[in-house]
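Everything below concerns the one structure shown next.
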Amino acid sequence: MTDYQRLLQVGRPPNISKLFPNSRALLVSGKYIDLAMLKKGNALCIAANGRNHFVIRGALRAAQRAKSALIIEIARSEGGAGAYCGVNFWNMARQVDAVCNELGITIPVAIHADHYGIKKEADIAPAIIEIPSLFDAGITSIAIDASHMPDDQNLLASIEIIQSVVPKWAGLETEVGEIKGKDGLSTVQEALFLIQGLNAHEIFPNWIALNNGTTHGIQASDQGIHTELTAEIHRALEKYGISGAQHGTSGNNSERLREIARKTRTTKANVATALQMISWGLEVNDYGNAILDADGNFKKVKGEGVTEEMWQSMCDYAAEQGWSGGNFKKLNLPFENRLLGQPADVRERMVKRVEDFVFHMIVEVFNSRDTADIVYDLIGSAETCDPGPKAKRIETPEDWTREKILEKAKSISSNKGPKGDFDD
C-alpha cells in the first residue's frame with residue numbers, strides 16, 4: 001500500500017484539500033470508486049444514502065471493517081433546497097470528514113450528490129448557479145438527472161450543465177428513463193442516444209442509471225431488476241466506458257443483487273430506504289424492505305433502534321401530517337435533532353444496526369471487500385486526484401449539434417410510462 005500521508009496529499013480533490021486542510025480522511029473522486037470496482041470485477045460499491053447521521057456513521061464503520069471503498073450520497077429531493085432530511089448537499093461532506101477523523105476511518109470515500117434533478121428547461125439556469133456551491137461544500141461526485149425530460153432535452157440539458165459547472169475531476173452519473181418500476185423501461189436506443197451525444201461533446205460519465213424495473217422507497221412487490229435488459233444496455237455501451245448505477249436496491253433480494261454484480265457492468269448500488277428503516281429499529285426482510293403488520297403499520301423491534309417512546313412520537317407526528325408508508329421518510333428532518341439527543345446507548349445501537357447490515361451487503365452481496373487497497377494503488381500510480389476518463393471521443397461533434405440532436409431524437413421509439421411526479 002502507498003504511504004497514506006502521500007495518498008492524502010495527492011488523492012484528495014482540490015475542494016476537499018481546501019475545506020479540510022488538516023484532515024486524515026481520504027475523500028476522493030467517485031471516478032476512483034468506479035475504477036476500483038471494475039478492477040476487482042463483479043463488484044458493486046454500496047452508495048449509502050445518508051438520510052440521517054446514524055446511517056453515515058454506521059456505513060463508515062462497516063466499510064472500514066470490510067476494507068471497502070464507499071460512497072455516501074444524498075439525493076436532491078432529500079438534501080437539496082427543499083430537503084426532507086437533516087443531512088444535505090452542504091453538510092454531508094463535513095459530517096463524513098468529522099466522523100472519519102473521530103473514528104480513524106481511512107478507507108476511501110466519495111461524496112455523491114445523487115439525482116440532481118432537472119425536470120424542465122427552466123431548471124437549467126438555477127442549476128448552473130447552485131451546483132458550484134455543492135462542490136464548494138465538499139461534493140466529489142454528482143448525478144445530473146434530466147431523465148424526466150424528453151430524450152433530446154435530457155441530452156441538451158446534460159451537456160449544458162456538465163460543461164458549465166461540473167469539474168473534470170469529479171465522478172459523473174447520468175440517467176435515462178425515470179425510475180418507474182415496470183413502466184417506461186429504458187431501451188438500448190435511448191441509452192445509446194444519450195451516451196453518444198455526451199461522448200461527442202467530450203463528456204465521459206462513469207455511470208448511467210436506467211429504469212430497469214425498480215422503484216424507490218418501500219416495494220409493494222418483488223418485481224425487481226431486469227438483469228438481462230440491464231446487461232444488454234451495458235453491452236451496447238461498452239466501448240464508451242460506461243458502468244451502471246443501480247437504483248432502487250431496497251426492493252430486491254440478495255441473490256438478484258449478486259446477479260447484477262455477476263452479469264452486468266454495474267459498479268454502484270444505491271441503498272436508501274433500507275438504511276433509514278434499520279437505523280430506526282424497524283423489522284426488515286433480507287433485502288431491507290420494511291415488514292408491515294396486518295394493519296399496514298411498520299413493525300418496531302423492541303430494544304432496537306430508537307426508543308419505543310421516540311418511535312411513538314414519530315408515529316403520532318406522521319399521523320398528524322397524514323403520512324404513511326413511504327412518506328415516513330419525511331420524518332427525517334423534524335426528528336434529526338431529537339434522535340441525536342437520545343442517550344448514548346440508544347444512538348450506538350442505531351449505528352450498530354446500520355453497520356451490521358452494510359457490512360453484510362459489502363461482504364456477502366456486493367463483493368466490494370478489500371477494494372480500499374485497490375483505490376490506494378490506483379491513486380499511488382496516478383499521483384493525482386483525477387485518474388482521467390475511461391473513454392475517448394468516438395463520436396463526431398458535427399453529427400451532434402443542437403439541430404441534429406433534435407432531429408435524431410425523432411427516430412427514437414420508446415415508452416416513457418405514465419406521467420407523474422415520480423420520486424427521486
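What to note about this one:
- Filtered residues of the range 263-276 (kept if over 14 Å from the mean Cα position of the chain (by Cα) and buried (at least 24 other Cβ atoms within 10 Å of the Cβ)): Thr264, Gln276
- Breaking point among (1) surrounded by 14 or more Cβ atoms within 10 Å (Cβ to Cβ); (2) modelled with pLDDT of 95 or more; (3) not aromatic (Phe, Trp, Tyr), for Glu398: (1)
- Lone qualifier among Glu398, Glu336, Glu355, Glu364 - being closer than 30 Å to Ile195 by Cα and in a helix (DSSP H, G or I): Glu398
Yes/no per residue for (1) within 19 Å of Asn270 (Cβ to Cβ); (2) not in a helix (DSSP H, G or I):
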site	(1), (2)
Glu102	no, no
Glu130	no, no
Ile144	yes, yes
Met149	no, yes
Asp152	no, no
Gln163	no, no
Glu175	yes, yes
Ile195	no, no
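- From the options Gly322, Gly305, residue that is surrounded by 17 or more Cβ atoms within 10 Å (Cβ to Cβ), at pLDDT 95 or above and among the small types (Gly, Ala, Ser): Gly305
- Any chance Phe328 is hydrophobic (A, V, I, L, M, F, W, C), closer than 19 Å to Ala290 by Cβ and either assigned to a helix (DSSP H, G or I) or modelled with pLDDT under 95 (or both): yes
- Subset of the range 265-286 that is more than 22 Å from Leu340 (Cβ to Cβ) and part of a loop (DSSP other than H, G, I, E, B) - its residue that is modelled with the lowest pLDDT: Asp286
- Scanning the range 132-147 for residues that are surrounded by fewer than 22 Cβ atoms within 10 Å (Cβ to Cβ) and not charged (D, E, K, R) turns up Pro132, Ser133, Ala137.
- If you check Gly388, Gly305 for being in contact with a Gly (Cβ under 6 Å, 6 or more places away or on another chain), assigned to a loop (DSSP other than H, G, I, E, B) and not hydrophobic (A, V, I, L, M, F, W, C), only one passes: Gly305.
- Listed by position, the helices (runs of 4 or more DSSP H) inside the range 2-83 whose residues that are over 20 Å from Val271 (Cα atoms) and of a type in the set (Lys, Arg) number at least 1 are 4-11, 14-19, 30-40.
- Tally of residues being polar (S, T, N, Q) and surrounded by 24 or more Cβ atoms within 10 Å (Cβ to Cβ) across the range 16-63: 3
The values are calculated or read from the model by the stated rules, or taken from the named source; none is laboratory data. Here the structure is a predicted model, which is why all the values come from computation and not from measurement. Every residue, glycine among them, receives a Cβ derived from its backbone with ideal geometry; neighbour counts consider all protein chains shown.
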